[in-house]
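A quick write-up on the structure given underneath.
What follows draws every value from the coordinates through simple rules; no lab data is involved. Because the structure is a prediction, the values reported are computed rather than measured. All Cβ positions, glycine included, derive from the backbone under ideal geometry; neighbour counts span all protein chains shown.
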Amino acid sequence: MKGDVSMTINDLSRIEVVKKVLEKSLAQSEAASILTVSERQIRRMVRRYKDDGVKGLISKKRGAPSNHRLPGGLKDLAIGLIEDNYGDFGPTLAQEKLKEVHGLKISVSTIRTLMIENELWSPRRLKKKRIFQYRDRRNRKGELMQMDGSPHDWFEGRAAKCSLIYTQDDATGEIIVARFEPTETMWGYFSLMKDHLKIHGRPIALYTDKHGVFKVNHKDAVSGGGVTQFGRAMKELDIKLIYANTPQAKGRIERMNKTLQDRLVKELRLQKISTLEEANAYLPTFIKKLNSRLAVVPKEPNNAHRELLPEHDLDCIFIIKENRTLTKNLTFQHKNTIYQVQSDREAYVLRKARVVIFEHEDGLISAYYKGKKLLLKTYAQQEKQMGEVDSKQLNALLDELVKISDGKKKYKPSKKHPWKRHARKACDTIEI
């Protein structure tokens, strides 16, 4: 309706304060403190209220164009240049080009708004936050064991960065076993699991992420039967290996990672520990104290861990096992090296035979046929280019390569080398 005045809550409160000043029920200094303005401004408000009433207290800039607006012609010029030259550019890059090439000084936010209004650029849609359902703890200790690794600067620069790998019980939240390793490798997890099994026995299930140690992530993998060496070892021990689809799915061990990166780092500093050996020796003491503070009582007192059976030879389980077929010459290839079986029997007996290859942590290779160890002779081949490397092991591998490269002495020819002798003679023949 004509004569109506739109007001905000701040305008209403300003009117109330000014009325009280006019009624002498509120001092100008108190009014200035309430409205967070100066006393001089209060006197102006009172004067405008006397002259124009309520309208006098409303800002005259309301509804008027901003003093900082761009001229219409400049906007049209910017949009025209973007359409002609930078149609597929983003707002930031388009603003840089307008400034560098055309001398137009317009902010990125203004260019972004203009491009959106003229449908030259569409902002990315924010992903909706997923709500993850809470999962209750398991009832008994040993029903579900979580396993993870936490790469971190554990020694705060006193030593190289490394990874802490450990197992955590889902029912109690206890850390069962832990150890520091340079990186997350299969042999490190093998050693960790052997320690767990020797002390506590076999859990029913193991919950891990999709690291290449636990899961075959290559779609076209042709060997291994679809399981990794770690997965094969768990199958032999009758331990179900379960993979988490998201980090949130194994939230308990992820939260424990943050706790360890806070508390354990400080404890290592206080204990003046700066090596993997010292840290691994101190871990049991730290874990015992941490479990006494953070572990909870399981819903059921029974322990679900199972004892190791006589046929569970851990040294034969936690090893690399692969199958090979012998050729006519009783040879097989493993890691670009050819091995030949030495046998007193007729060669045709072992031709095309399927043998099992054992690779130990120290790189030693042995072969078995029907449970009997075979005598091998090694023939080394030329090395091939380096294959695939997991991202968590890449830095450690590159550090080793750099160390080897830096350790090699650079060749420096002697003073009597033919190259230098010829160069010296050439210099002597130059006429000045």
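In table form, for the structure just shown:
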read-out	value
Scattering profile of region 319-380 at q = 0.16, 0.20, 0.30 Å⁻¹ [log10 I(q)/I(0), Debye over alpha-carbon scatterers]	-0.45, -0.71, -1.59
Residue order, fewest to most surrounding Cβ atoms within 10 angstrom, among Met145, Met234	Met234, Met145
Check: region 230-326 dipole with +1 on Lys, Arg Cβ and -1 on Asp, Glu Cβ, in debye	660 debye
Taking Asp262, Asp169 and counting other C-beta atoms within 10 Å, the order from fewest to most	Asp262, Asp169
Listed residues Tyr49, Val227, Leu270: farthest to the positive end of the dipole of the chain (Cβ charges)	Tyr49
Charged-residue dipole, Cβ positions (Lys, Arg, Asp, Glu), region 9-57 about Cα centre, Debye nearest 20	180 debye
At R0 = 45 Å, FRET efficiency that the Cβ-Cβ distance of Val349 and Lys198 yields, to 0.05	0.65
Column: log10 I(q)/I(0), Debye, Cα scatterers of region 92-168, q = 0.13, 0.18, 0.19, 0.23 Å⁻¹	-0.73, -0.86, -0.91, -1.09
Prolate/oblate/rounded call for region 273-316, Cα gyration tensor, a/c under 1.5 rounded	oblate
For region 1-158, alpha-carbon Rg and Dmax in angstrom	29.3, 83
Extension gain, Asn336 back to Val296 (0.36 nm per residue minus Cα-Cα distance, nm)	9.3 nm
Footprinting exposure proxy for Cys162, Cys316 (fewest neighbouring C-beta atoms within 10 Å first)	Cys316, Cys162
Inverse of mean 1/r across different Cα pairs in region 9-57, Kirkwood, Å	10.4 Å
Helix runs (DSSP H) in the chain reaching 18 Å along axis by Cα, Kyte-Doolittle at least 1.6	none
Helical contribution to [θ] at 222 nm, DSSP H n ≥ 4, -39,500 (n - 2.57), averaged over the chain, rounded to 500	-12500 deg cm²/dmol
Table column - 3J(HN,Hα) (Hz), region 330-338, Karplus curve with 6.51, -1.76, 1.60, x for Gly and Pro	6, 10, 8, 10, 9, 6, 6, 10, 9
Share of Cα-Cα pairs in the chain lying beyond 37 Å, as whole percent	61 percent
Debye log10 I(q)/I(0) at q = 0.19, 0.29, 0.31 Å⁻¹ for region 72-117, Cα point scatterers	-0.46, -1.20, -1.40
Net charge dipole size for the chain [Lys, Arg +1 and Asp, Glu -1 on Cβ; Debye, nearest 20]	800 debye
Asp148 long-range amide H proximity, modeled H, under 5 Å	Tyr166
Selected from Leu192, Gln168, Leu237, residue furthest toward positive end of dipole (region 147-238; charges at beta carbon)	Leu237
Hull-based mean projected area of region 108-153, where the convex hull spans the alpha carbons, in square nanometres	8.0 nm²
Long-range HN-HN contacts of Ile273 with modeled amide H, under 5 Å	none
Amide H contacts of Leu70 (H built 1.01 Å from N, under 5 Å, at least 5 apart or other chain)	none
